[in-house]
Amino acid sequence: MEVIVDSMPLPVCRPKRGKRCAFPGARWGYGTQGDVYGYKLHAWVTASGAIVQYLIRPANLHDTTVSYELNRRWPDFGGPRIIGDKGYCCLGYVFPPKRNTRYDTGWRPGRHPRLRKRIETVFSSLVEAQRLLLISA
């Protein structure tokens, strides 16, 4: 079994209003779109697109820190191979190599980019269906 791990920001308010916004547990973090005040959704998704497990944590925590929490239940799922992006470059994960990597990260260009696209599709579906990134303030 293979699972894909990734995270997406869940902003609570716009960065302009971050100083006035008080939400329990929300923190400043950094996402692909820049600074985020709020949380991050970290999830394991199967190759078929089913969310196996997820955690919602403050946005300031690094992906690998939260992935260790997700991995606590790793044996319950039969010890799957975990595929991540470059944010999950640690031992035990399959991730795309950086230019200067001198060891095999397990990444196979013919297979793994398609799997990485699966979790992005699942996150896009969540955003559309649940309006997760809709913030009013």
Exercise. For the range 40-89, count all C-alpha to C-alpha pairs, find those more than 13 Å apart, and express that count as a whole percent of the total.
Key: 59
Quiz item: Going by Cβ distance under 4.7 Å, what cysteines of the chain have no possible disulfide partner?
Solution: C89, C90
Quiz item: How far apart, in nm, are two points set 7 Å out from the Cα along the Cα-to-Cβ line at T105 and at E2?
Solution: 1.5
Quiz prompt | Cα lying deepest toward the dipole's positive end in the chain, options W74, V52, Y39, charges on Cβ | solution = Y39
Practice problem: Give the percent of DSSP beta bridges with both residues in the range 2-130 that are antiparallel, rounded to the nearest 5. | Solution: 80
Practice problem: Report the label-to-label distance for C89 and R14 in nanometres (one decimal), using points 7 Å from each Cα along the Cα→Cβ vector. | Solution: 3.5
Exercise. About the Cα centre of the range 1-130, how large is the charge dipole given +1 on each Lys and Arg Cβ and -1 on each Asp and Glu Cβ? Please answer in debye to the nearest 20.
Key: 440
Practice problem: Tell me, rounded to the nearest percent, the portion of alpha carbon pairs in the chain spaced more than 22 Å apart. | Solution: 41
Quiz item: Roughly how tilted is helix 112-130, in degrees to the nearest 10 and between 0 and 90, from the longest Cα axis of the chain?
Solution: 30
Quiz item: Among the aspartates and glutamates, which fall within straight-line cross-link reach of K86, defined as a Cα-Cα distance under 20 Å, with same-chain neighbours fewer than 8 residues apart omitted?
Solution: E2, D6, D35, D63, E69, D104, E120
Quiz item: Rounded to the nearest 500 deg cm²/dmol, what is the calculated helix-only ellipticity per residue at 222 nm for the chain, with -39500 (n - 2.57) per DSSP H run of length n ≥ 4?
Solution: -6500 deg cm²/dmol
Self-check item: Segments 64-74, 102-112, 79-89, 4-14 sorted - mean Cβ within 10 Å per residue, highest first
Solution: 4-14, 79-89, 64-74, 102-112
Quiz prompt | Burial order of peptide ranges 27-40, 45-58 (average beta-carbon count within 10 Å, highest first) | solution = 27-40, 45-58
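The numbers here are math on the coordinates, done by the rules we state, and not lab data. Because the structure is predicted, anything quoted here is derived from the model rather than measured. Note that we place each Cβ from the backbone using ideal geometry, even for glycine, and neighbour counts take in every protein chain shown.
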